[in-house]
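Novice: Let me begin by handing over the structure; questions about it come next.
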Amino acid sequence: MPDIQTQFSAPFHYIRMGSGPALVLLHGFPENSTLWRNIWSGLGEHFTLLIPDLPGCGSSVATGDVSMETMAQCIKELLDHEGIAKAVIAGHSMGGYLAFAIADLYPEYVHGLSIIHSMPCADDDEKKSNRLKASEVIRKGAKEAFVRQMVPNLFDPGFANDHPDVVSGLIDSSLNISAAAMIAFYKAMIERPDREHVLAPAAYPVQWIIGKQDGIMPYDKILQHCYKANINFVSLYDHCGHMSMLETPAKLQEDLLHYTKYCYQLS
Ligand code: MLT
């Protein structure tokens, strides 16, 4: 489980496992690399997985300079460090924003883009204002109350009701992230530009994983983007919210496997 030095001048931790062509798994907010634990063994049988902890999450050190662009450079440096010229990049939610930044800034490294409960567009004014309010709440010391209220809403209500252990596990891991790191991620999300323009010229297929009960990224909004690349793999999961890797991991694993094999032209 290596650490590398990046432009943050702070240890940037990632998990490397499996063998075969490369698949990068990027977690969202406020999570860490272990988010992918239900599917990493199955995917690692076919691919070399690179699974970072974003700055301030898991074992990666927090830094003041977090933006989609600096994190994209970090992932590029990780690929360089591993000697990987091209990878399929899969990103969940905020990790999807990061995947779009990598596709925009370092397209030569991208062999495929799997967008899991995420969208290419920038925040609208209402979303920015909500993020600023959340940042203020966290800054004033109410991080724990904020996380306890926010995390259950990431799940399909039926799933949350039947699996309180999964919800409380995610609350516990989210509470490990510092208030400063959460505020830095909100700032990075507010400042990220629209990146819809990467879709039309993409030289690779784009995968869209969508939860029908996702209250954070409504499925009808995501579907508006699913025709913009030349080849789109679209999966809409019923009884799934924002967290398919925890709610419907078998389906997600199967779809990611199928898509990534297609990208690498494996049977
Ligand atoms: C995430 O799951 O990464 C966040 O909910 C994304 C967002 O707030 O836009």
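The values are calculated or read from the model by the stated rules, or taken from the named source; none is laboratory data. As the structure is a computational prediction, the values presented were derived from the model and not from experiment. For neighbour counting, all protein chains shown are included, and Cβ atoms are generated from backbone atoms with ideal geometry for every residue, glycine included. Heavy atoms of the whole protein, side chains included, go into the accessibility calculation; ligands, DNA and RNA do not. Shrake-Rupley method; radii C 1.70, N 1.55, O 1.52, S 1.80 Å.
Novice: Among the residues that make up the stretch 184-192, is at least one of them under 16 Å from the mean Cα position of the chain (by Cα) and among the charged types (D, E, K, R)?
Specialist: yes
Novice: Can you go through D3, D65, D53 and tell me which one is within 16 Å of the ligand (Cβ to nearest atom) and of a type in the set (D, E)?
Specialist: Checking each option against the conditions leaves just D53.
Novice: Continuing with this model, one more query. Among (1) touching a His at 6+ places or on another chain (Cβ under 9 Å); (2) within 11 Å of the ligand (Cβ to nearest atom), where does I115 come up short?
Specialist: Result: I115 passes all but (2).
Novice: What pairs come up if the first residue lies in the stretch 86-112 and is closer than 14 Å to E69 by Cβ, the second is in a strand (DSSP E or B) and among the β-branched types (V, I, T), and their beta carbons are under 6 Å apart, counting only those six or more places apart or on different chains?
Specialist: A99/I89; I102/I89; A103/V110
Novice: Moving on to the next point. Considering only the stretch 1-118, give the helices (runs of 4 or more DSSP H) lying wholly within it that have at least 3 residues that are open to solvent by less than 50 Å² (accessible area, probe 1.4 Å) and closer than 16 Å to M245 by Cβ.
Specialist: 37-44, 94-105
Novice: In this structure, is A145 away from the ligand (no atom under 12 Å from the Cβ), surrounded by 20 or more Cβ atoms within 10 Å (Cβ to Cβ) and part of a helix (DSSP H, G or I)?
Specialist: No.
Novice: So, one more: Kindly establish whether I210 is of a type outside the set (G, A, S) and within 13 Å of the ligand (Cβ to nearest atom).
Specialist: For I210, the condition - of a type outside the set (G, A, S) and within 13 Å of the ligand (Cβ to nearest atom) - is not met.
Novice: A further question follows. Could you tell me whether any residue of the stretch 184-196 is over 30 Å from K143 (Cα atoms) and surrounded by fewer than 18 Cβ atoms within 10 Å (Cβ to Cβ)?
Specialist: Taking every residue of the stretch 184-196 in turn, at least one turns out to be over 30 Å from K143 (Cα atoms) and surrounded by fewer than 18 Cβ atoms within 10 Å (Cβ to Cβ).
Novice: Taking C240 as the residue in question, decide whether it is more than 16 Å from the ligand (Cβ to nearest atom) and open to solvent by less than 40 Å² (accessible area, probe 1.4 Å).
Specialist: It is false that C240 is more than 16 Å from the ligand (Cβ to nearest atom) and open to solvent by less than 40 Å² (accessible area, probe 1.4 Å).
Novice: Is it fair to say G215 is open to solvent by 50 Å² or more (accessible area, probe 1.4 Å), modelled with pLDDT of 95 or more and within 15 Å of the ligand (Cβ to nearest atom)?
Specialist: yes
The rows are residues; the columns are (1) farther than 28 Å from N153 by Cα; (2) within 17 Å of the chain's Cα centre (by Cα); (3) open to solvent by 60 Å² or more (accessible area, probe 1.4 Å).
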{"position": "P205", "(1), (2), (3)": "yes, no, no"}
{"position": "G211", "(1), (2), (3)": "no, yes, no"}
{"position": "I231", "(1), (2), (3)": "yes, no, yes"}
{"position": "A250", "(1), (2), (3)": "no, no, yes"}
{"position": "L266", "(1), (2), (3)": "yes, no, yes"}
